Amino acid sequence: MIYYKRIFRFVRPYVKNLLLANLSALLVIFFSLFSVILIFPFIDLLFNKNAPAQQKDVTSIFDLKDIIINNFAGLLEKYDRTEILTYLCILILLTFMLKNLFIYMQTYFMSVVEQGIIKDLRFDLYTHFLELPLGFYTEERKGNLISRIINDVQIIKDSLIAVVNSLFRDPPSIIVFSVVLFLFNWKITLIIFLLAPLTGFILSKIGNSLKRSSIKAQEKISDITSTLDETLGAIRVVKAFGMEEYEKNKFKSENENYFQLLIKIYRKRALGSPISEFIGVISIVIILYIFGKDIISGESDMTPGSFIFYLAVFFQMMPSLKLFGQMFNSYKEGTAAAERVFNLLDTEVSIKDIPGAIAISDFAEKIEFRKSGFRYEKGDQVLRNINLTIPKGTIAAIVGPSGAGKSTLADLIPRFYDLTEGELYIDKYEIKTLKIDSLRKLMGIVTQETILFNDTIRNNIAYGDKDIPVEKIIEASKAANAHDFIEKTESGYDTVIGDRGVKLSGGERQRISIARALLKNPPILILDEATSSLDTVSEILVQQAIDTLMKNRTSIVIAHRLFTIQNADMIIVLNKGEIVETGSHSELLERSTLYKNLYELQFRHQEVKI
Ligand code: ATP
């Protein structure tokens with residue numbers, strides 16, 4: 001219930017449309033009933049020439065049948081039958097026209113509510129995804145998140161609409177129709193209504209079982225989406241290792257499981273309708289039997305019209321009873337999906353601005369780690385006792401064996417992760433007291449994995465800044481050694497570069513991301529140098545671009561290249577999460593065996609490449 005209350009919050013902006021839709025629904029009920037009422041005198045007019053003309057004694061307003069008969073008898077005294085027939089035909093036409101008009105109006109208004117809820121819920125989820133810290137994404141499969149935003153949101157919407165529609169439409173129509181039935185013949189109606197709890201019991205059993213299957217099905221579709229995302233993302237590896245058959249079989253089994261579950265769900269869902277319909281038919285048989293017996297024995301005062309009227313009202317009520325029953329199934333399915341979506345929306349955004357956070361606009365002095373330590377949420381201590389000051393304007397190279405914690409150390413500076421011990425200062429500010437947005441504006445980050453979007457080269461370089469003049473983009477591209485190759489592409493700066501930039505070479509992708517960083521022009525640069533084997537020409541071009549990028553900035557470089565190491569103002573040697581040495585290249589060559597080993601390894605690597 002708690003989840004459902006939260007879903008209802010998403011209806012709030014659309015209350016006006018919802019009310020109009022439900023007003024239309026009520027009018028549909030009214031005109032449905034009215035259309036049935038019209039049939040009653042219509043039949044008597046045609047088939048029962050005497051009975052309606054005889055006025056009955058009406059003792060209470062509850063004698064609905066007699067009131068209609070009397071009114072109709074009154075009409076017959078004043079007008080002739082053909083005239084009444086004409087008016088009745090016109091009235092029937094008008095009634096059905098209005099009924100159908102309001103059916104349309106209901107969908108007209110309801111579509112805004114339905115699609116609005118999906119839109120808002122998706123947007124909230126997406127916004128939350130963007131706010132969640134990086135750490136969250138190392139734990140969750142991307143496909144699961146995609147599945148939440150596409151599939152679960154859809155199920156919530158379907159469920160909510162079924163519930164809202166049913167609540168506004170079915171109980172009122174069931175009440176109105178039941179009152180009419182009771183007024184007509186309370187005894188028979190009472191017998192029929194005693195069957196209702198039985199229907200309710202059976203439907204609730206189906207509903208619970210549906211909820212369980214629905215949870216499993218959503219987990220399965222999540223798995224399918226994840227597999228799809230991962231396989232397509234790694235299609236190159238799949239092909240290179242000839243793993244098509246393996247991936248096909250993996251997908252086949254997931255697809256098959258999902259198929260089996262869906263079949264179960266559809267069959268369970270489909271059970272609801274025949275069961276409630278069959279109980280409806282039992283009711284109709286009761287009506288037919290009791291009324292029929294009285295009519296045969298001549299004890300009934302029913303006219304053919306009133307008999308058919310009773311049946312017709314009952315038939316009109318049946319769909320509402322059925323839909324009201326099914327509503328509970330929808331409710332259960334929706335709750336399961338809502339639970340998953342809201343659990344995700346409730347995931348805490350652990351890295352966020354504190355109240356009164358300061359917006360920093362300049363980097364003036366230094367970056368300083370004080371007794372800092374870090375461990376990932378699930379894992380051992382990765383960094384410990386880090387004391388490090390990087391003054392403004394220096395190139396600081398971080399070196400160390402694989403797994404030493406170099407990338408982790410760099411990720412702490414833009415607050416991709418928060419320190420678990422100690423403090424980190426930018427100038428005089430501890431970074432947790434700064435507005436994250438302003439902090440990250442100070443930094444340009446160029447990673448090994450050049451992340452580009454499937455968009456034009458121009459938009460990739462400008463990333464998000466639509467108003468930036470073209471000249472500036474060209475200027476940055478020239479400085480990044482990218483202009484020449486961009487000019488040679490099919491549509492120059494308007495060339496679309498494919499998914500993650502697949503249409504470009506590794507070196508070209510890197511130069512585009514360097515151009516992007518140059519355009520941003522941040523005072524601090526974090527550079528995770530590429531280890532990928534670029535050819536020598538390409539490497540020289542990238543290296544020149546990096547040199548331009550580092551000019552007049554403070555750079556923290558996870559260094560893999562000999563060149564950067566030699567030119568760095570300070571080299572930080574990390575080993576097993578601790579800083580073991582700090583100094584210049586020549587100092588460290590003398591002092592540090594670890595550095596000497598690393599350097600020699602690097603040097604050999606460079607020689608091999610040349
Ligand atoms: P490389 O040169 O190979 O890139 P590195 O020095 O940059 O290595 P890090 O990537 O910082 O090393 O990793 C340091 C340690 O932290 C490793 O032992 C790694 O397994 C662990 N680690 C990295 N990312 C995570 C994570 N998201 N969750 C848990 N542990 C992690």
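The values are calculated or read from the model by the stated rules, or taken from the named source; none is laboratory data. Since this is a predicted model, take the numbers as computed values, not measurements. Here Cβ is always computed from backbone atoms with ideal geometry, including for glycine, and neighbour counts include all displayed protein chains. Side chains are part of the model used for accessible areas, which takes the heavy atoms of the whole protein and leaves out ligands, DNA and RNA. Shrake-Rupley method; radii C 1.70, N 1.55, O 1.52, S 1.80 Å.
Mind grabbing the base-10 log of I(q)/I(0) for segment 194-233 at q = 0.15, 0.21, 0.23 Å⁻¹? Debye formula, identical points on the C-alpha positions, no solvent, two decimal places. The computed values of log10 I(q)/I(0) come out as -0.52, -0.68, -0.73. Within a straight-line Cα-Cα reach of under 18 Å, LYS250 can be paired with the following aspartates and glutamates, leaving aside sequence neighbours fewer than 8 residues apart in one chain: GLU219, ASP223, ASP229, GLU230. Starting from 0 in steps of 10 Å, tell me what percent of the Cα-Cα pairs of segment 169-230 lands in each bin. Once binned at 10 Å, the Cα pair distances of segment 169-230 give 18, 26, 20, 16, 12, 7, 1.
Write down the Kirkwood hydrodynamic radius of segment 111-257, to one decimal in angstroms, obtained as one divided by the mean of 1/r over all alpha carbon pairs.
Working: mean 1/r = 0.0509 Å⁻¹.
When all Cα pairs of segment 111-257 are included, the Kirkwood radius is 19.7 Å.
Tell me, rounded to the nearest percent, the portion of alpha carbon pairs in segment 232-333 spaced more than 15 Å apart. Pairs farther apart than 15 Å: 76 percent. When TYR493, TYR289 are compared by accessible surface with a 1.4 Å probe, the order from highest to lowest is TYR289, TYR493. Of the accessible area of the chain, computed with a 1.4 Å probe over protein heavy atoms only, carbon and sulfur atoms account for 60 percent.
What ranking of ILE308, ILE486 comes out by heavy-atom accessible area, probe 1.4 Å, highest first?
On the way: ILE308 70, ILE486 0 Å².
From most exposed to least exposed: ILE308, ILE486.
Within straight-line reach of LYS78, meaning a Cα separation under 26 Å, sit the following lysines at least 8 residues removed in sequence or on another chain: LYS49, LYS56, LYS65. Helix 593-609 axis versus longest C-alpha principal axis of the chain: approximately 80°, rounded to the nearest ten.
To the nearest 0.05, what FRET efficiency results for PHE47 and TYR108 with a Förster distance of 41 Å applied to their C-beta separation? Each step should come with its number before you reach the end.
On the way: r = 40 Å, r/R0 = 0.97.
That pair, PHE47 with TYR108, gives E of 0.55.
Most simply put, the chain has about 55% antiparallel DSSP beta bridges, counting only bridges with both residues inside it. To the nearest ten degrees, helix 64-78 and the longest principal axis of the Cα atoms of the chain are 60 degrees apart. At 1.4 Å probe size, what's the solvent-accessible area of LEU134? Round to the nearest 10 Å². Here the accessible area works out near 80 Å².
Label zone (VAL349, point 7 Å along Cα-to-C-beta; backbone nitrogen cut-off 20 Å) within segment 397-415: 412-415. Distance distribution P(r), segment 321-465, all Cα-Cα pairs, bin width 5 angstrom from 0: 2, 7, 12, 15, 14, 13, 10, 7, 5, 4, 4, 3, 2, 1, 0, 0 percent. Based on every Cα atom in the chain, Rg and the maximum pairwise Cα distance Dmax equal 37.2, 123 Å. Once the Cβ-Cβ distance of ILE90 and ILE67 is raised to the sixth power relative to R0 = 30 Å, the FRET efficiency obtained is 0.85. If you model segment 105-179 as an ellipsoid using its alpha carbon gyration tensor, with each semi-axis the square root of five times an eigenvalue, the axes come out at 36, 12, 8 Å, biggest first.
List, in the order given, every pair from LYS142/LYS205; LYS435/LYS503; LYS142/LYS366; LYS5/LYS119 whose Cα-Cα distance in the structure shown is over 26 Å.
Working: LYS142/LYS205 35 Å; LYS435/LYS503 37 Å; LYS142/LYS366 37 Å; LYS5/LYS119 18 Å.
Distance filter (> 26 Å) returns LYS142/LYS205; LYS435/LYS503; LYS142/LYS366.
Would you calculate the convex hull of the Cα atoms in segment 335-387 and tell me its volume per residue in Å³?
Values: hull volume 7.4 nm³, N = 53.
Convex hull volume per residue, Cα atoms: 139 Å³.
Ordered from largest to smallest accessible area (heavy atoms of protein chains, 1.4 Å probe), the residues GLU219, GLU114 come out as GLU219, GLU114. Think of it as helices only: each DSSP H run of n ≥ 4 in the chain is worth -39500 (n - 2.57), and spread over all residues that comes to -22000 deg cm²/dmol at 222 nm.
In segment 400-556, the alpha-carbon atoms span a convex hull of 131 Å³ per residue. Solvent-accessible surface of segment 307-384, taken per residue with a 1.4 Å probe and all protein chains present: 49 Å². Report, to the nearest 10°, how far helix 196-233 tilts away from the longest principal axis of the Cα atoms in the chain, using its own Cα long axis and a range of 0 to 90°. The angle comes out at about 30 degrees.
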